[in-house]
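Colleague: Below is one structure. I have some questions about it.
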Amino acid sequence: MGKVLAVLAAATVAAGLSANAAAQKLVVAGYGGSFEDIMRKDIFPPFAKQHGVELDYVAGNSTNTVARLQAQKSNQQIDVAIIDDGPMYQAIALGFCEPIKGLPADDIYGTARYKDDKAVAIGIVATGIMYNKKVFDEKKWAPPASWKDLKDPKYKKQLVIPPLNNTYGLHALVEYAREGGGGEKKIDPGFATFKNEVGPNVLVYEPSPGKMTELFSSGQAVISVWGSGRVKAFADTGFPVGFVYPQEGAYALLSSVCPVAKSNANPLAQAFVQYLVSPEVQEKLATAYGYGPVNKKAKVTDDPRVPLPIGKRAADLIVIDWDTVNQNRDDWNKRWTREIER
């Protein structure tokens with residue numbers, strides 16, 4: 001009997017240690033590329049040290065992360081999801097996001113908050129135009145100033161745009177639809193412009209941040225549609241890129257986060273979300289990644305190479321109608337594959 005009790009006691013201790021080990025791991029899903037590098041280097045270590053937790057990172061674009069949440073619906077592995085605003089609305093509608101507890105409402109800009117606090121933005125990004133300053137200087141080209149400039153034949157096979165399942169590509173489609181007298185509710189002009197005027201200049205519709213920088217570094221691409229945060233991270237490597245807020249307006253992308261709804265939710269998921277919107281982390285994300293901060297107490301300095309979406313620039317960003325977009329996006333993606341990326 002004594003041996004049996006000893007074995008049972010040992011098993012109980014082992015089970016307890018195993019459960020404790022599981023509790024001390026937090027799985028965060030978010031963007032890859034330079035954003036992942038910043039998270040691992042600058043953002044994770046202080047939180048891990050303070051809470052004695054191991055952070056696992058699952059990299060992928062926003063649609064990949066939502067797809068993972070759907071695939072794991074019966075057994076969620078992700079604790080915290082970092083997703084662009086459009087897919088975040090989808091994640092909330094599908095029931096994947098738990099309300100954030102104790103969000104410091106007075107400190108957070110209203111534009112950063114979601115209904116019922118089921119998500120919150122961690123940074124404001126502007127979708128605009130990136131270009132290679134060195135090449136433009138050598139060719140004596142004026143810097144791009146307008147979305148219309150991407151139609152210029154001199155950029156033939158030197159333009160890169162992310163595909164439609166990426167928010168940057170979606171913003172470009174909506175912009176060209178608006179230019180043609182349509183918009184989110186009338187998208188046909190956008191497809192026509194891509195097919196007939198912008199498409200001939202496109203080298204590739206590239207979703208990967210790493211591949212995007214490779215195409216610029218190799219000289220294959222000289223101009224693209226991209227986000228201010230990505231461009232700042234690229235500029236920080238020393239590459240001579242510039243970023244333009246087009247005269248018609250740049251588009252707002254809210255990089256957002258939510259604690260994932262699950263029966264065995266790790267309480268540190270809530271703590272990590274709170275940590276991401278703290279002034280200290282907001283300042284790090286602005287400095288290292290070019291995010292416009294969402295916390296009013298964050299103090300940031302503008303970057304002359306890649307102007308940050310702060311102040312009037314942030315206020316002037318165009319916000320698209322995500323309700324309409326999300327109702328139609330699957331059909332648009334199929335049409336995009338059929339008509340644009342043939």
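Colleague: What number of residues within region 150-191 are free of Cβ contacts under 8 Å to residues at least 40 places away in the same chain and among the acidic types (Asp, Glu)?
Modeller: Total satisfying the criteria: 1.
Colleague: Go through region 208-225 and give me each residue that's in a loop (DSSP other than H, G, I, E, B) and over 17 Å from GLY33 (Cα atoms).
Modeller: SER218, GLY219, GLN220, ALA221, VAL222
Colleague: Then there is this: Quick one: ILE340 ticks every box in (1) modelled with pLDDT of 95 or more; (2) within 18 Å of PRO87 (Cβ to Cβ); (3) of a type in the set (Val, Ile, Thr) except a single one, so which number is it?
Modeller: Of (1) modelled with pLDDT of 95 or more; (2) within 18 Å of PRO87 (Cβ to Cβ); (3) of a type in the set (Val, Ile, Thr), only one is false for ILE340: (2).
Colleague: Sticking with this structure for a sec: Does at least one position in region 171-181 carry a residue that is farther than 21 Å from LEU253 by Cα and touching a Ser or Thr at 6+ places or on another chain (Cβ under 7 Å)?
Modeller: Yes, some residue in region 171-181 is farther than 21 Å from LEU253 by Cα and touching a Ser or Thr at 6+ places or on another chain (Cβ under 7 Å).
Colleague: Still on this model: How many of the residues making up region 226-254 are assigned to a helix (DSSP H, G or I), buried (at least 23 other Cβ atoms within 10 Å of the Cβ) and touching a strand residue (DSSP E or B) at 6+ places or on another chain (Cβ under 7 Å)?
Modeller: Final tally of qualifying residues: 4.
Colleague: From the set of residues in region 135-178 that are closer than 27 Å to ASN61 by Cβ and open to solvent by 30 Å² or more (accessible area, probe 1.4 Å), which is modelled with the lowest pLDDT?
Modeller: Residue satisfying both the conditions and the ranking: ASN165.
Colleague: Here is a further query. Across region 3-48, what is the total count of residues that are over 17 Å from GLY229 (Cβ atoms) and either β-branched (Val, Ile, Thr) or at pLDDT below 50 (or both)?
Modeller: First pass over region 3-48, keeping only residues over 17 Å from GLY229 (Cβ atoms): 3-29, 44-48.
So of that shortlist, the ones also either β-branched (Val, Ile, Thr) or at pLDDT below 50 (or both) come out as 3-23, 27-28.
So the count comes out to 23.
Colleague: Taking VAL222 as meeting all but one of (1) touching a Cys at 6+ places or on another chain (Cβ under 7 Å); (2) open to solvent by less than 20 Å² (accessible area, probe 1.4 Å), write down the number of the exception.
Modeller: VAL222 satisfies all of (1) touching a Cys at 6+ places or on another chain (Cβ under 7 Å); (2) open to solvent by less than 20 Å² (accessible area, probe 1.4 Å) except (1).
Colleague: Continuing with this model, one more query. Applying the selection to region 101-134, what residues are open to solvent by 60 Å² or more (accessible area, probe 1.4 Å), assigned to a helix (DSSP H, G or I), in contact with a strand residue (DSSP E or B) (Cβ under 8 Å, 6 or more places away or on another chain) and not polar (S, T, N, Q)?
Modeller: Correct list: LYS133 only.
Colleague: Sticking with this one: Restricting to region 192-219, give me the number of residues that are in contact with a helix residue (DSSP H, G or I) (Cβ under 6 Å, 6 or more places away or on another chain), farther than 30 Å from GLY238 by Cβ and open to solvent by less than 20 Å² (accessible area, probe 1.4 Å).
Modeller: The total comes to 1.
Colleague: Next question, about the same structure. Out of GLY60, GLY110, I need the residue that is under 27 Å from VAL231 (Cβ atoms), out of contact with any Asp or Glu (no Cβ under 6 Å at 6 or more places or on another chain) and without any contact (Cβ under 8 Å) to a residue 24 or more places away in the chain. Which one?
Modeller: Going through GLY60, GLY110 in turn, the sole match is GLY110.
Colleague: Can you list residue pairs whose Cβ atoms sit under 6 Å apart, with the first residue in region 258-278 being crowded, with 19+ Cβ neighbours inside 10 Å and the second being among the small types (Gly, Ala, Ser)? Count only pairs 6 or more apart in sequence or on different chains.
Modeller: Filtered contacts from region 258-278: CYS258/ALA81; CYS258/ALA119; PRO259/ALA269; VAL260/ALA81.
Colleague: Inspect region 256-270 for any residue being in contact with a His (Cβ under 9 Å, 6 or more places away or on another chain) and over 16 Å from VAL125 (Cα atoms) and give the result as yes or no.
Modeller: Taking every residue of region 256-270 in turn, at least one turns out to be in contact with a His (Cβ under 9 Å, 6 or more places away or on another chain) and over 16 Å from VAL125 (Cα atoms).
Colleague: Okay, next question. What are the pairs, 6+ residues apart or on separate chains, where a residue within region 76-101 that is over 19 Å from TYR57 (Cβ atoms) has its Cβ under 9 Å from a residue that is open to solvent by less than 20 Å² (accessible area, probe 1.4 Å) and of a type in the set (D, E, K, R)?
Modeller: Cβ pairs passing all conditions: GLY86/ARG329; GLN90/ARG329.
Colleague: Same structure, new question: Only one of ALA288, ALA298, ALA314 is over 21 Å from ILE129 (Cα atoms), open to solvent by 10 Å² or more (accessible area, probe 1.4 Å) and not charged (D, E, K, R); which?
Modeller: Details: ALA288 fails: over 21 Å from ILE129 (Cα atoms); ALA314 fails: over 21 Å from ILE129 (Cα atoms).
None of the others qualify; the one that does is ALA298.
Colleague: Let me ask another. Within region 68-87, identify whether any single residue is within 22 Å of ARG40 (Cα to Cα), more than 19 Å from the chain's Cα centre (by Cα) and surrounded by fewer than 16 Cβ atoms within 10 Å (Cβ to Cβ), and answer yes or no.
Modeller: Yes, the conditions are met somewhere in region 68-87.
The values are calculated or read from the model by the stated rules, or taken from the named source; none is laboratory data. Just so you know, these numbers come straight off a predicted model, no measurement behind them. Cβ sites come from the backbone with ideal geometry, for glycine too, and all protein chains shown count toward neighbours. Side chains are part of the model used for accessible areas, which takes the heavy atoms of the whole protein and leaves out ligands, DNA and RNA. Shrake-Rupley method; radii C 1.70, N 1.55, O 1.52, S 1.80 Å.
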